[in-house]
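Right, one structure below, let's go through it.
The values are calculated or read from the model by the stated rules, or taken from the named source; none is laboratory data. Every value quoted in this text rests on a predicted model; they were computed, and no experiment measured them. No Cβ is skipped: glycine too gets one built from the backbone with ideal geometry, and neighbour counts run over all protein chains shown.
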Amino acid sequence: MSLSSCKFINIPIFKDKRGSLSFLQSFQNIPFNIQRIYYIYDVPESVIRGNHAHKNLEQLFIPIKGCFDIKLDDGSESMIYHLDSNDKGLYVSSMIWRQMFNFSKNSICLVIASEIYSEDDYIWDYEEFVRSLDKS
Ligand code: TYD
């Protein structure tokens, strides 16, 4: 997959005097079937998370609280996305190398995933990631 398949997705907000509500629904405002949700928090300032690619997994990253950056790399080009608004999520397709960093204090990153957790879906070595792209 190339970087052009990754994009920001707007998340609806229902805001009234009682507060705000946002929702995510498979194939409605998320381009895949939701199979798993996890969240990342308490990340120390200098930490870089991720450093891997996924063979099949598609994900949506949402800064539920605070902000952070995600660097995406498709083997030919890379781009850094700043996530700072909980009404905008970043869709990341399969076979994209990612790094998450610059987590603000008390930030929470919600991740919506298209597959259940599988260790076999991870590629941990960047060179192996690039070699797998050549083969596909
Ligand atoms: P990891 O994928 O390394 O996190 P990140 O991409 O943010 O760097 O996951 C950290 C640990 O959590 C690792 O031991 C695997 C485990 N884990 C699960 O058991 N289930 C999950 O759904 C996820 C995402 C991780």
Residues (under 17 Å from the mean Cα position of the chain (by Cα), within 25 Å of D69 (Cβ to Cβ) and modelled with pLDDT of 95 or more) located in region 6-29: C6, K7, F8, I9, N10, I11, L24
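Checking the condition within 26 Å of K105 (Cβ to Cβ), surrounded by fewer than 16 Cβ atoms within 10 Å (Cβ to Cβ) and not acidic (D, E), which residue from I13, I40, I62 passes? Let's see the steps before the verdict.
On the way: I40 fails: surrounded by fewer than 16 Cβ atoms within 10 Å (Cβ to Cβ); I62 fails: surrounded by fewer than 16 Cβ atoms within 10 Å (Cβ to Cβ).
So the residue among I13, I40, I62 that is within 26 Å of K105 (Cβ to Cβ), surrounded by fewer than 16 Cβ atoms within 10 Å (Cβ to Cβ) and not acidic (D, E) is I13.
Identify, please: which residue in region 103-134 is polar (S, T, N, Q) and within 14 Å of the ligand (Cβ to nearest atom) and is, among those, nearest to F32 (Cα to Cα)? Outline the logic, then answer.
Of region 103-134, the ones polar (S, T, N, Q) are 104, 106-107, 114, 118, 132.
Narrowing the set further to residues that are within 14 Å of the ligand (Cβ to nearest atom) leaves 107, 114, 118.
Details: S107: 25, S114: 6, S118: 17 Å.
Selected residue: S114.
Quick grid of which residues meet (1) farther than 19 Å from N10 by Cβ; (2) within 16 Å of the ligand (Cβ to nearest atom); (3) of a type in the set (D, E); (4) touching a Gly at 6+ places or on another chain (Cβ under 9 Å):
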residue	(1), (2), (3), (4)
I34	no, yes, no, no
N51	yes, yes, no, no
D73	yes, yes, yes, no
N86	no, no, no, no
Residues of region 93-136 satisfying the condition of being aliphatic (A, V, I, L, M), modelled with pLDDT of 95 or more and within 19 Å of S4 (Cβ to Cβ): M95, I96, V130
Filter result for D87 (charged (D, E, K, R) and within 12 Å of H52 (Cβ to Cβ)): no
